[in-house]
Amino acid sequence: MALCTVALAVLVMTLVTLMGAAKAYAAEAPVGLGVAGTYSALGGSAVTNTGPSVLDGNVGVFEGTSITGFPPGIIGGVKHSADAHAESAQAATTIAYNDAKGRAPTATYTADPAELGGQTLVAGVYKADVSAGLTGTLTLDGQDDLNSVFIFQVGSTLTTATDSSVKLINGAQACNVFWQIGSSATLGVRTDFVGTVLALASITANTDAVIDGRLLARNGAVTLDSNVFQSQFVRKPRLARRPS
């Protein structure tokens with residue numbers, strides 16, 4: 001009987017511990033973007049566009065000054081070239097980058113590159129020690145929690161393959177997905193991407209990539225090619241691809 005009592009006590013303590021961990025896990029706070037959250041594309045050295053890209057937020061650069069390709073690209077917000085607003089946005093991007101980088105990982109990938117395609121992940125902080133790749137579909141499962149947060153920490157580069165995608169299910173929100181990239185990010189042709197990219201160096205979105213989020217580069221350029229952005233609102237129906 002005593003053994004049963006001890007076993008029951010251990011079981012109860014284990015369940016309480018697991019429930020507490022699950023609660024803390026679910027309570028991961030989103031990365032604060034500040035004024036950078038008003039931008040679809042923000043570069044450190046330049047923002048360059050080719051083709052009829054559509055961006056619903058601001059476009060800016062600091063400390064660089066060059067923003068080219070608008071038109072034919074369309075900016076739904078305001079263009080900020082080396083002004084105080086862009087400077088503030090870069091400062092906010094640096095804070096957000098350091099915040100995302102400093103989160104304690106719930107899972108770590110040691111392979112180089114860490115392949116994210118074909119996986120279904122729940123809310124958490126996922127760290128790739130070196131580089132990360134995405135071929136196929138990465139599914140992010142919010143588990144019916146609209147506040148679920150997904151943070152990806154990539155030590156070096158992020159590269160997505162042609163026709164790859166990030167899929168949100170069960171309440172996962174694009175505004176709660178963050179990618180902290182230690183070097184540069186490249187989104188492949190027709191990639192359907194979700195989340196805010198915070199890159200130390202540069203970001204390239206190849207032809208017809210769709211971004212449900214933001215591309216924020218601290219030091220390098222943001223390079224676009226016939227892309228569609230949706231970056232400003234939570235729970236807004238995603239835009240259809242631009243007709244070819």
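Observations
- As a proxy for reagent exposure, ranking Arg218, Arg103 by other Cβ atoms within 10 Å from fewest up yields Arg103, Arg218.
- Computed Kirkwood radius, in angstrom, where 1/r is averaged over Cα pairs of segment 31-229: 16.2 Å
- For segment 99-169, convex hull volume per residue from C-alpha positions, Å³: 84 Å³
- Packing-based ranking, highest mean first, of 204-212, 104-112 given that Cβ atoms within 10 Å are counted: 204-212, 104-112
- Ranked by how many other beta carbons lie within 10 Å on average, peptides 65-73, 129-137, 189-197 from highest: 189-197, 129-137, 65-73
- Per residue, the convex hull spanned by the Cα atoms of segment 144-237 amounts to 82 cubic angstrom.
- Long-range amide H partners of Thr50 with built H, under 5 Å: Leu224, Asp225, Ser226
- Taking every C-alpha pair closer than 8 Å and separated by at least 6 residues, the mean separation divided by the residue count of segment 28-142 gives a relative contact order of 20 percent.
- On the basis of the beta-carbon distance and an R0 of 30 Å, Thr120 and Thr94 show a calculated FRET efficiency of 0.40.
- Computed over the alpha carbons of segment 188-232, Rg followed by Dmax gives 9.7, 25 Å.
- Eigenvalues of the alpha-carbon gyration tensor of segment 48-107, scaled by 5 and square-rooted, set the equivalent ellipsoid semi-axes at 27, 15, 9 angstrom, largest first.
- Glu87-Ile74 pseudo-label distance in nm [points 7 Å out on the Cα-to-Cβ vector]: 3.3 nm
Taken together, the values in this text are just the output of simple stated rules run on the coordinates, not laboratory data. Since we're looking at a predicted model, the values are computed, not measured. FYI the Cβ positions are ideal-geometry reconstructions off the backbone, even for glycines, and counts take in every protein chain you see.
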